1. In the range 13-58, which residue that is acidic (D, E) and under 20 Å from F89 (Cα atoms) is modelled with the lowest pLDDT?
2. Condition first: closer than 28 Å to L500 by Cβ, within 16 Å of the ligand (Cβ to nearest atom) and in contact (Cβ under 8 Å) with a residue 40 or more places away in the chain. Can you find one or more residues in the range 407-421 that meet it?
3. Residues L335, L357: which one is surrounded by fewer than 21 Cβ atoms within 10 Å (Cβ to Cβ) and closer than 15 Å to L293 by Cβ?
4. I378 - would you say it is within 16 Å of the ligand (Cβ to nearest atom), outside any loop (DSSP other than H, G, I, E, B) and within 15 Å of the chain's Cα centre (by Cα)?
5. Restricting the search to the range 204-222, which residues are at pLDDT below 95 and on the phi > 0 side of the Ramachandran plot?
6. Looking only at residues in the range 576-607 that are aliphatic (A, V, I, L, M) and in a loop (DSSP other than H, G, I, E, B), which one is modelled with the lowest pLDDT?
7. With respect to the numbered conditions (1) free of Cβ contacts under 8 Å to residues at least 12 places away in the same chain; (2) away from the ligand (no atom under 16 Å from the Cβ), which one is the sole condition not fulfilled by P366?
8. Test T438 against the stated conditions and say whether it is within 23 Å of the chain's Cα centre (by Cα) and in contact (Cβ under 8 Å) with a residue 40 or more places away in the chain.
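The values are calculated or read from the model by the stated rules, or taken from the named source; none is laboratory data. The model shown is predicted, which means the values in this text are computed figures rather than measured ones. Using ideal geometry, Cβ is built from the backbone for each residue, glycine included, and neighbour counts are taken over all protein chains shown.
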Amino acid sequence: MCGIVGIVGRSDVAPQIVDALKRLEYRGYDSAGVATISGGRLARRRAEGKLGNLERKLAEEPLPGRIGIGHTRWATHGVPNETNAHPHFSGEVAVVHNGIIENFAELRAELAAEGQEFESQTDTEIVAHLVSRGMRQGLGPVEAAHEALKRLRGAFALAIIFAGDDDLLVGARSGPPLAVGYGEGEMYLGSDAIALSPFTSNITYLEDGDWTVVRRSGATFHNAEGHEVSRKRTRSSAVSFFVDKGNHRHFMEKEIWEQPDVVSHTLSHYLDFAEGKVRNVRTPFDFASLDRLTISACGTAYLAGLVGKYWFERLAKLPVDIDVASEFRYREAPLSKNGAAIFISQSGETADTLASLRYCRAAGSPIGAIVNVGDSTIAREADMVFPTLAGPEIGVASTKAFTCQLAVMASLALMAARARGTVDTEAEREFVRQLAETPRLMSEALKLEGPIEKLSHRLSKYRHVLYLGRDTSFPLALEGALKLKEISYIHAEGYASGELKHGPIALIDETMPVIVIAPHDRIFEKSVSNMQEVAARGGKIVLITDRKGAEAATVETMDTLVMPDAGDLVAPIIYAVPVQLLAYHTAVFMGTDVDQPRNLAKSVTVE
Ligand code: M6R
């Protein structure tokens, strides 16, 4: 999604702005731009594509100026090209924007009726025109910005500068996050603390509906009604990092390999391995008295929740409702009075997940959030955060955040089971032992990279792939298909194996490989029957199983990946590894932009 930066600095700010934009690259973008004020005049450089293109333009034609704004754009309204790239200008006003102005058509028509001409196809440009119109009507810049904000509906974070004043930056937030950073005689605005991390860790987050007036001497905060309000300063935990790829070709590969470490780190937060117990982590709800748990999330985080459903129901006998957040938020689901809600998000900024959280908050549910970015909006709005300690995840395709989400889910399910008396001390010890083994087993699974790379080469020749799994391997089948399609652009579908004969079997022929995720568990034989059905129709099977499964599978396969033996509870955490590696290497063979696949954003702050 778009990233925005603003700096009121002491010397030329364009290089700092580009530095901050680089730290926002991970969010996904398709064009970028910077505007500054020098000699009382606005100037900008914009470029389609990667930041390198913008840097080249800035090198050819530098932008002087002690105040400026910058932007990475993920296209919503209008194709990704230089004209639609931000900043957008109107008269004395320059604007960058993250989000969507929902009443854009109405406002554009209003401005057009007054004779306003438009340069771009974006919704953002109308914000510049609205502010500029207010100034032409005699309002000062801050008042004009406030009046314009009152007209906007939708989700937005904005940064605005004004040609005549190089000590004034106005920011506004309605939905997507925006942070003000404090420096020595310099002030900053940014979409997140990571963007500002090279300059400051001293941060104030705007609350929803807030706007801010930023000058070198400091910032004032105002609520939607225009009243000045005070907002807390916090020390951001986002270190000034430039996470590099180490010896890896891509962040995704590095993040896949980090999993044994970060999963171990996450599990140790929740489990006492030495005692064989779940730690007494404070929760906003009493698991013992809950009659229902509602889980909501998007994409891969949703699939982690789906695995969690199996665990909560099986271990703790706690019924779980789970839904993708974009559906849940509008479904008007009645919530149980004795229920609780858990939201899962790597970024902690996903618009639909945040809206679902607010729905449950309004309904009076206690709220827990499993998040990776500790000072994100979802983390701040939850009653309690259950952190995933994955560290910064830069690849757009979620890998280590997913397995850490699973680690937290398993720990919470066990915690609930103990509170509800559905596991005894012995069983708890056994589950903790299985979880303690997970990092080692993930390292074992990573040793399959060589054979997986060879298999991926073959897979990259196909246009369609089907993933099948039963029980907790069903969400993994969905995750495998999601991973493959998002980074290799090969069409893939995930199904519960038992559903095969209810429709997808019609697709089976020699052109559609079928990847079956099936550890040797209590229902392994059922998966073997499904594989027989595939084989009987000429389908090519790739079986991901363990030693016992490989011996017991009486079916010819195109390839069989033999995983280390793992307990039923932890299998999904381990089996995530080959599923990720398969997608990764296939994408590498396809030559796609693995870390920033086309059309995708890391942090989805719009609907
Ligand atoms: O930041 P979140 O975990 O809330 O993001 C949710 C999804 O957008 C995310 O998992 C997405 O599906 C990933 N690209 C999957 O790899």
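1. Looking at residues that are acidic (D, E) and under 20 Å from F89 (Cα atoms), I get D30.
2. Looking through the range 407-421, at least one residue is closer than 28 Å to L500 by Cβ, within 16 Å of the ligand (Cβ to nearest atom) and in contact (Cβ under 8 Å) with a residue 40 or more places away in the chain.
3. Details: L357 fails: surrounded by fewer than 21 Cβ atoms within 10 Å (Cβ to Cβ).
After ruling out the rest, the residue left standing is L335.
4. So I378 passes the test.
5. Hit for the range 204-222 is G209, nothing else.
6. Taking the range 576-607 and keeping what is aliphatic (A, V, I, L, M), we get 576-577, 579, 581-583, 587-588, 590, 594, 600-601, 604, 606.
Restricting the remaining residues to those that are in a loop (DSSP other than H, G, I, E, B) gives 594, 600-601, 604, 606.
Values: V594: 94, L600: 89, A601: 83, V604: 87, V606: 80.
Once the filter is applied, the top-ranked residue is V606.
7. Answer for P366: the failing condition is (1).
8. no
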